[in-house]
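The values are calculated or read from the model by the stated rules, or taken from the named source; none is laboratory data. Every value quoted in this text rests on a predicted model; they were computed, and no experiment measured them. Counting neighbours? That spans all protein chains shown, and the Cβs are built from the backbone with ideal geometry, glycine included. Quick note on the areas: whole protein, heavy atoms, side chains included, nothing else; ligands and nucleic acids left out. Shrake-Rupley method; radii C 1.70, N 1.55, O 1.52, S 1.80 Å.
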Amino acid sequence: MTIWRIDAKLAELSETEGFRHACSTIVAGDLVAVPTETVYGLAADATNPLACAKIYSAKGRPSFNPLISHFSNTTDARIHGLFDARAEALAEAFWPGPLTLVLPRREGSTICDLVTAGLDSVALRVPDSPVMQALSQATGRPLAAPSANRSGRISPTTAKAVDEDLGDAVPVILDAGPTRVGVESTIIALIDKEARLLRPGGIAREEAERVLGGPLCGPTGSRGDAPAAPGMLLSHYAPRAKVRLDAHSITPGEAYLGFGPVPEAICEIAGARLSLSETGDLAEAAAHLFSHLRALDASGAPSIAVAPIPNTGLGEAINDRLSRAAADRTGAGARTD
Ligand code: TXA
Ligand code: MG
């Protein structure tokens, strides 16, 4: 496996050796780990079933779980999904950006069944990431890409985290530094009359509702029910350590993940401790979420106590990921994505 360091702002991205190598790897039907603005993705040609099968085996992912296809622009995305007025409005407002639309699959779409998991809907996204956009444009392919972690593990926000998790299962990693948003895209399904939030993410529910002019329903399935998005299984983003939520105090030896300044009483007894945002900024907290969880997990503490986090704006996505990290991994519903 080779890690190529890419300067994401480089105007001559397509001239760099690493980028050219990544393009030929995709066209040859192999995998490339590539940064998006949310997390690093594990990309393959979405029209090539053999290439997409490699995603599932590299991740060790249950094959019923469909994948998001990434495009460099909305025009290309329209080839594969049926956009109604709501979809057009959301695409106009948030693409490129951390929003995925689940839409009825357009007849003639060349996205393979392994990517849609045989559903008659498709998940489409135009990421705000120069590297991912350029890769899709230069290869002329929609790129299927789940987060570049082993199934059930924390999503990677750095190339190093991808390497630690997937190692030789991925032949090429493009490294453009830490991702900006830090949690995955918001997924909204527009396949019937109700606009449905399948996964809270990098676009806050309130922002999407403002564009739609009405409330989103969901998410459902985060506790007990059938998963809302097929991949939204209860135990997910699992660190090795146990995760304890809404912690106002800690026990000796526990690691601590704070929001705002870490209280002095906690500093005195916590082993490892980090704050998602010293100033209580939710966007900064989202960007730090997975890397801080990884770092605290690596400290070897048996448990991570997490401070309460407001459930507004990006806080909804942060709390969703944290509740999955804290979910019981042994009981019913403990399968992982
Ligand atoms: O930010 C992101 O969305 C990242 C980056 C790499 O783009 N990708 C990502 O992909 O998080 P993944 O595979 O980890 O999550 C995709 C989610 C899964 O929960 C899957 O079940 C859902 O999208 N999904 C895909 N197609 C769907 C469909 N047709 N209907 C409902 N859910 C779908
Ligand atoms: Mg994932």
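Evaluated against (1) buried (at least 19 other Cβ atoms within 10 Å of the Cβ); (2) modelled with pLDDT under 95, residue 220 falls short on exactly one condition, (1).
Conditions (1) open to solvent by less than 30 Å² (accessible area, probe 1.4 Å); (2) within 12 Å of ligand 1 (Cβ to nearest atom); (3) assigned to a helix (DSSP H, G or I), marked per residue:
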| residue | (1), (2), (3) |
| --- | --- |
| 34 | yes, yes, no |
| 38 | yes, yes, no |
| 43 | yes, yes, no |
| 51 | yes, no, yes |
| 56 | yes, yes, yes |
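Scan segment 117-132 and give yes if some residue there is part of a loop (DSSP other than H, G, I, E, B) and free of Cβ contacts under 8 Å to residues at least 12 places away in the same chain, otherwise no. Yes, the conditions are met somewhere in segment 117-132.
Of all residues in segment 75-96, how many are of a type outside the set (Lys, Arg), surrounded by 16 or more Cβ atoms within 10 Å (Cβ to Cβ) and closer than 23 Å to residue 194 by Cβ? It would help to see each step written out before you state the result.
Of all residues in segment 75-96, those of a type outside the set (Lys, Arg) come to 75-77, 79-85, 87-96.
Next, only the ones that are surrounded by 16 or more Cβ atoms within 10 Å (Cβ to Cβ) stay: 76-77, 80-83, 87, 90-91, 94-96.
Now drop any that are not closer than 23 Å to residue 194 by Cβ, which leaves 77, 80-83, 87, 90-91, 94-95.
Result for segment 75-96: 10.
Is it fair to say residue 37 is within 16 Å of ligand 2 (Cβ to nearest atom), of a type in the set (Asp, Glu) and modelled with pLDDT of 85 or more?
yes
With respect to (1) within 16 Å of ligand 2 (Cβ to nearest atom); (2) at pLDDT 95 or above; (3) surrounded by fewer than 24 Cβ atoms within 10 Å (Cβ to Cβ), the lone exception for residue 151 is condition (2). The numbered conditions (1) within 15 Å of ligand 2 (Cβ to nearest atom); (2) surrounded by fewer than 24 Cβ atoms within 10 Å (Cβ to Cβ); (3) not charged (D, E, K, R) are all true for residue 144 except (2).
I'd like to check something: does segment 79-89 contain any residue that is closer than 24 Å to residue 56 by Cα and among the hydrophobic types (A, V, I, L, M, F, W, C)? For segment 79-89, residues closer than 24 Å to residue 56 by Cα and among the hydrophobic types (A, V, I, L, M, F, W, C): absent. For residue 66, the test of being in a loop (DSSP other than H, G, I, E, B), in contact with a strand residue (DSSP E or B) (Cβ under 7 Å, 6 or more places away or on another chain) and in contact (Cβ under 8 Å) with a residue 40 or more places away in the chain is passed.
Are any residues in segment 159-198 away from ligand 1 (no atom under 11 Å from the Cβ), open to solvent by 50 Å² or more (accessible area, probe 1.4 Å) and closer than 25 Å to residue 95 by Cβ, and if so, which ones? Once the filter is applied, which keeps residues that are away from ligand 1 (no atom under 11 Å from the Cβ), open to solvent by 50 Å² or more (accessible area, probe 1.4 Å) and closer than 25 Å to residue 95 by Cβ, segment 159-198 yields 178, 180, 192, 193, 194. On the given criteria, is residue 106 open to solvent by 20 Å² or more (accessible area, probe 1.4 Å), away from ligand 2 (no atom under 16 Å from the Cβ), assigned by TED's automatic domain parsing to the domain that holds residue 88 and touching a residue at least 12 places away in the same chain (Cβ under 8 Å)? For residue 106, the condition - open to solvent by 20 Å² or more (accessible area, probe 1.4 Å), away from ligand 2 (no atom under 16 Å from the Cβ), assigned by TED's automatic domain parsing to the domain that holds residue 88 and touching a residue at least 12 places away in the same chain (Cβ under 8 Å) - is met.
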